[in-house]
Amino acid sequence: MPAFWLMGHAVFAVLLAIVMIALTIVLFLYKTGRAGNDFLLFHPEGFDVGRARQGFRIAWTDIAQVRAGEISGNAATLLWFTDAAAVARSASDSSPQAFEKLAKQFTACRKWQGCDWYVLTALYGLDAVLLAKAIERYRSDPGTHAELAPQKSLA
């Protein structure tokens, strides 16, 4: 057998090993809850932002302003809070460290992006304008909150 033919198999084996290691890492991250857990959940009191390690709740009354915009060329819904500290205190992990971490994230976001928080809507398969309109509707009209309550089953 020619030497270049054996070398081709070695290269293929190395590439296959790299792909297998990468897939193992991705699978591990998903199984341990460190990746792929982001969600938005609307309910009568506000909406929850779920993330891999920590989530938080944004009450409708804590939203001062919302609008569609763009972050680094990506469609986003931009949020400004009436009280960012109150939102930070709503962290799913109620430790002081979680509060401080979330408060720092809000401060950094305000400094670099000009808003308290933003949602990159492509991550959720949503349209930024429609999400902003929905949040604005629930923020400005408390009578609409009942629409978000769990519905009774017909069964």
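Every number here is computed from the coordinates shown, using simple stated rules; none is lab data. Fair warning: this is a prediction, and the values are worked out from it, not measured in the lab. Heads up, the Cβs are rebuilt from the backbone with ideal geometry, glycines too, and the neighbour counts pull from every protein chain shown.
Of the two radii for segment 87-155, the radius of gyration is 1.08 times the Kirkwood radius, both from the alpha carbons; that is the Rg over Rh value. The longest stretch of the chain left intact once loop-based trypsin sites (Lys or Arg not before Pro) with at most 16 other Cβ atoms within 10 Å are removed from consideration, loops following DSSP, is 90-151. Here's how it looks for residue 81: its modeled amide H is under 5 Å from those of 64, 116, which are all 5 or more places away or on a different chain. If you wrap the Cα atoms of segment 39-148 in a convex hull and average its projected area over all directions, you get 6.4 nm².
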